[in-house]
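Only one structure is covered here, and it is reproduced in the block below.
Each value in this text was obtained by applying a stated rule to the coordinates, not by laboratory testing. What you are looking at is a predicted structure, and each value in this text was computed from that prediction instead of being measured. Every residue, glycine among them, receives a Cβ derived from its backbone with ideal geometry; neighbour counts consider all protein chains shown.
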Amino acid sequence: MTDHPEPTPTQALKLYSPRTVRELLERHGLRPTKSLGQNFLIDGNILRLIAEAGGAEAGISVLEVGPGLGVLTRELAERGATVTTLEKDERLKGVLAETLAGLDINIVWGDALDYDYASLPAGTRVIANLPYYISTALLTRFMKSGSVVSATVLVQREVAERLGSQPGQDGYGYLSALVSLYGTAKLLRDVPKGAFFPAPDVTSSVVRLDFTGEQPPQGLVLLLEQALHHRRKTLRNNLRMAGHDETQLDAALAGAGLPGAVRAEDVLLSAMRELYRLLSKTEHV
């Protein structure tokens, strides 16, 4: 848990201006690290929108990844949520001790890719400005955890579009299929580059994912990954290259009503489910 030092003047300031953020970082001898995707959210309207859309309120378990300067973290905690936040950069310990002073927040220091998301309390909501360089990997972990019921996150606009894509649309791929398998995605709004310090090179979007809680067969998840590994190749070629027997594969494709030349990105999830069922009869998928 965080220590509770005496409140500092920084707490009275809302860290919503580049000048204030720059002064805070300089006081602690820090600069944002590009390799860690450190583009700190400094727009008060956006962070309040994220907290509200994510359902942060009293009694709700919230997980944040990448608290940065603690601006969103503080907003979540002040709404009464029980907040756990994961941070890799231990240089931020002094900053967070200052900006989160007086709040009961569980800060876990370490790599978010190594965290056991299944250990979270059931019903946990993820609300975060995700490090963009690992956003896809993190979203996949949230979906598979069984503990996370929703994720309201800031991601690259390109990733947000992929999350909501359907078969046949631009951007549809493995991540899109996973979202449809585990739940739904809704793009809430785009966020200008000026809402961050420093400003990123890409446009960002707020997106909310809701998960049904159902855990599909891992064989089906694997089949989707194999099928969409090269999404513009034919489904048959992708699965053949993944090691599926050609004779059994052709029979299963025919049984699922799928032509041999169909591209993986054009196949509906319902057809993928049927293909998995048929292949499971003859293979260990």
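Points worth noting:
- Each residue of region 255-272 was assigned a 3J(HN,Hα) from its phi angle through the Karplus curve 6.51 cos²θ - 1.76 cosθ + 1.60 (θ = phi - 60°); the sequence is x, 8, x, 10, x, x, 9, 5, 7, 4, 6, 9, 8, 5, 4, 4, 5, 5 Hz, with glycine and proline shown as x.
- Calculated FRET efficiency, Q166 to S17, Cβ-Cβ distance, R0 = 41 Å: about 0.55 to the nearest 0.05.
- Only Lys, Arg, Asp and Glu carry charge here, each on its Cβ (+1 for the first two, -1 for the last two); on that basis region 218-282 has a dipole of about 100 debye about its Cα centre.
- The loop-placed trypsin sites (Lys or Arg not before Pro) in region 112-191, going by DSSP, include none that has at most 12 neighbouring Cβ atoms within 10 Å of its Cβ.
- A crude spin-label estimate for the pair L268 and E90, with each label 7 Å from Cα along the Cβ direction, gives 5.3 nm.
- Each Lys and Arg contributes +1 and each Asp and Glu -1, all at the Cβ; summed about the Cα centre of the chain, the dipole is approximately 580 debye.
- Distance between the C-alpha centres of region 15-72 and region 128-171: 19 Å, rounded to the whole angstrom.
- Ignoring aspartates and glutamates fewer than eight residues from K186 along the same chain, the ones with Cα atoms less than 14 angstrom from its Cα are E158, E161, D210.
- What the Cβ-Cβ distance of R27 and E78 gives, at R0 = 35 Å and to the nearest 0.05, is a FRET efficiency of 0.95.
- Ratio of the Cα radius of gyration of region 78-174 to 2.2 N^0.38 Å, where N counts its residues: 1.22
- Sorted largest first, extent of region 218-282 alpha carbons per principal axis (Å): 27, 24, 22
- Positive-pole candidate from L103, G59, L41, dipole of region 9-211, charges at beta carbon: L41
- Computed Kirkwood radius, in angstrom, where 1/r is averaged over Cα pairs of the chain: 20.3 Å
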